[in-house]
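Below is one structure, written out as C-alpha cells; comments come after it.
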Amino acid sequence: MRLAEFIEILKAYLAITLAFGILLWRGYSINLSSGLLISALTVGTGFVLHELAHKFVAQRYGAKAEFRAFTPFLVLAVAMSFFGFVFAAPGAVFIRGFVTKEKNGWISASGIIANIVAAALFFALFVASPTPFLKAVGSYGAMINSWLAVFNLIPFGNFDGVKVLQWNKLAFILLVTLGFGLMLLLIMAKIM
C-alpha cells in the first residue's frame, strides 16, 4: 500500500469516526470521548475492513486496486452528524484491469462478507462482555456492521449488491439472508 493511499484511508477513517462519534454523543447522551472511541472501534473498523476486503480480493485477481476518499462527502457526513443523522459515502476502491463478472461479484461480495463477519464477532463480544463499555462496543459494532452489510446489498446504482446479483443470484440471496438474519438476531437481543 502506497503512503498516499494510506493517507486516504486514514482521512476517511478519521472523518467517519468523528461523524459517528458526534452522532453517539448527541443522540445517546454519552460523553464525546467515549462516543469517539466506540465509533473508532466499530464504524471505523467496519469501514476499513469492508474497503480492504475489496482491495485485497481485487489484487488477488490480478487487478490494480486503490482506495480514494471522497473528501466533500466526508465533510458532509461530519456536518450532518450535528443534526442527528449521517449519510456516509467515505470513498471507494477503484479497480483497474480486466475482471470477469464472477471476479467482480466476488470482489463486491468480499466487503459485505467482511461486515457480516465483523457483526457476528461484535455480537459475540456483546454476549460475552464483562464490562458495560465492552458491551456497548459489542452492541454498536454488531448493529452498524450488520447495517453496513445490508445497505451495501442494495441492488441498484453502484452498490455492491448490483454486482453480486449480476454475478450470482444464489450468492445474493445468501448474503441478504445472512445480513437480515443478523439484524433479526440483534432485534431479538434488543440491540436494534
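What follows is calculated from the coordinates using simple rules that are stated; it is not laboratory data. This is a predicted model, so every value here is computed, not measured. A quick note on method: Cβ atoms are made from the backbone with ideal geometry, for glycine too, and the neighbour counts reach across all protein chains shown.
State whether one or more residues within the range 56-66 are surrounded by fewer than 19 Cβ atoms within 10 Å (Cβ to Cβ), assigned to a helix (DSSP H, G or I), among the acidic types (Asp, Glu) and in contact with an Asp or Glu (Cβ under 7 Å, 6 or more places away or on another chain).
no
Are there any pairs, at least 6 apart or on different chains, whose C-beta atoms fall under 6 Å, with the first in the range 155-179 and among the basic types (Lys, Arg) and the second surrounded by 18 or more Cβ atoms within 10 Å (Cβ to Cβ), and if so, which?
Lys163/Asn104; Lys163/Gly105; Lys163/Ser108
Looking only at the range 52-74, which residues are out of contact with any Gly (no Cβ under 6 Å at 6 or more places or on another chain), of a type in the set (Gly, Ala, Ser) and more than 18 Å from Ile112 (Cβ to Cβ)?
Passing the criteria: only Gly62.
How many residues, within the range 91-112, are closer than 21 Å to Val176 by Cβ, among the small types (Gly, Ala, Ser) and in contact with a His (Cβ under 9 Å, 6 or more places away or on another chain)?
3
Could you count how many residues in the range 90-123 are aromatic (Phe, Trp, Tyr), buried (at least 24 other Cβ atoms within 10 Å of the Cβ) and closer than 23 Å to Ile7 by Cβ? Steps first, answer last, please.
Applying the first criterion (aromatic (Phe, Trp, Tyr)) to the range 90-123 yields 94, 98, 106, 122-123.
Add one more test, that the residue is buried (at least 24 other Cβ atoms within 10 Å of the Cβ), and what stays is 122.
Subsequent filtering for residues that are closer than 23 Å to Ile7 by Cβ retains none.
Residues flagged as aromatic (Phe, Trp, Tyr), buried (at least 24 other Cβ atoms within 10 Å of the Cβ) and closer than 23 Å to Ile7 by Cβ within the range 90-123 amount to 0.
Let me confirm something: among Val150, Val162, which residue is under 19 Å from Glu51 (Cα atoms), of a type in the set (Val, Ile, Thr) and in contact with a Pro (Cβ under 8 Å, 6 or more places away or on another chain)?
Answer to the selection: Val162.
Does Ala171 meet the test of being under 17 Å from Ile16 (Cβ atoms), among the small types (Gly, Ala, Ser) and touching a helix residue (DSSP H, G or I) at 6+ places or on another chain (Cβ under 7 Å)?
Working: under 17 Å from Ile16 (Cβ atoms): no; among the small types (Gly, Ala, Ser): yes; touching a helix residue (DSSP H, G or I) at 6+ places or on another chain (Cβ under 7 Å): yes.
Judged against the criteria, Ala171 is not a match.
For the range 129-162, give me each residue that is of a type outside the set (Val, Ile, Thr) and out of contact with any helix residue (DSSP H, G or I) (no Cβ under 8 Å at 6 or more places or on another chain).
Once the filter is applied, which keeps residues that are of a type outside the set (Val, Ile, Thr) and out of contact with any helix residue (DSSP H, G or I) (no Cβ under 8 Å at 6 or more places or on another chain), the range 129-162 yields Pro130, Pro132, Phe151, Gly157, Asn158.
Count, please, the residues in the range 181-192 that happen to be touching a residue at least 24 places away in the same chain (Cβ under 8 Å) and closer than 11 Å to Ile116 by Cβ. Talk me through it step by step, then tell me what you get.
Let us first name the residues in the range 181-192 that are touching a residue at least 24 places away in the same chain (Cβ under 8 Å), namely 182-183, 185-186, 189, 191-192.
Now restrict to residues that are closer than 11 Å to Ile116 by Cβ: 182-183.
Here the count works out to 2.
Quick one: in the range 1-32, of everything that is part of a helix (DSSP H, G or I) and among the hydroxyl-bearing types (Ser, Thr, Tyr), which residue is surrounded by the most Cβ atoms within 10 Å (Cβ to Cβ)?
Thr17
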